[in-house]
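A.B. asks: After the structure tokens below, expect a handful of questions from me.
Please treat every number below as a calculation from the coordinates, not as lab data. Just so we're clear, the structure is a prediction, and the values are computed from it rather than from any experiment. Neighbour counts run over all protein chains shown; Cβ positions are idealised from the backbone, glycine included.
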Amino acid sequence: MKTLKTRLAAAAVVAALASAFISAVADPADNSRRDEPALMQPVKSVFDHYLKIQAELCKDSLKGINEQGSAIAQAVRTDGMKMLSNEVAKEADALAKAKDIGAAREAFKPLSASLIKYLADNKAGRGDYHEVYCPMAKASWLQSEKDVRNPYMGKDMLTCGEFKN
């Protein structure tokens, strides 16, 4: 019985060491995210809706933008912890009310700026969300893709922009 306990204890130690080793070497370039807080709900859902809007604007489309913008506004307003400012809800409402692609792109700028600021202030989202700047639109946005997908210029200049982080 004593041998079994010794073997089990040794196995537990080996498993713990292996787990620590794998964590340390799994992605050495990603050490910056280890102490980074994960996005909590409803903030995570706000960013999910935001990325859907960004993807549609890249396609020169308004499809679902009204619904996604309204969902962002509702998530912010019903958040009991008030993790995002009410200004984000107002910006999302303005985007949801956009009647054409130009108006939607203009409304997307302040929403993007607010969400970029949120991530910077909370030291969150690195690796998941990439800030990109378009010098022609004089505005930044967030995206999850590794290749530039410009929501301000759409199909005509889809790859115009430079990563800021």
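A.B. asks: Please rank I65, I101, fewest neighbouring Cβ atoms within 10 Å first, as an exposure proxy.
C.D. replies: I101, I65
A.B. asks: Restricting things to alpha carbons, find the Rg to Rh ratio for region 43-163 using the Kirkwood radius for Rh.
C.D. replies: Numbers: Rg = 13.2 Å, Rh = 14.0 Å.
Using only Cα positions, Rg/Rh for region 43-163 is 0.94.
A.B. asks: Structure shown: which of K44/K155; K44/K90; K59/K97 lie over 25 Å apart, alpha-carbon to alpha-carbon?
C.D. replies: Over 25 Å Cα-Cα: K44/K155.
A.B. asks: Can you tell me the alpha carbon radius of gyration of region 65-113 divided by the globular rule-of-thumb value 2.2 N^0.38 Å?
C.D. replies: So the Cα radius of gyration is 1.08 times the expected 2.2 N^0.38 Å.
A.B. asks: Among the trypsin sites (Lys or Arg not before Pro) in region 39-93, which ones are in a DSSP loop with at most 16 other Cβ atoms within 10 Å of the Cβ? Mind listing them? Let's see the in-between values first.
C.D. replies: On the way: sites: K44, K52, K59, K63, R77, K82, K90; in loops: K59, K63, K82.
In loop regions of region 39-93 (DSSP not H, G, I, E or B), the sparsely surrounded trypsin sites (Lys or Arg not before Pro) are K59, K63, K82.
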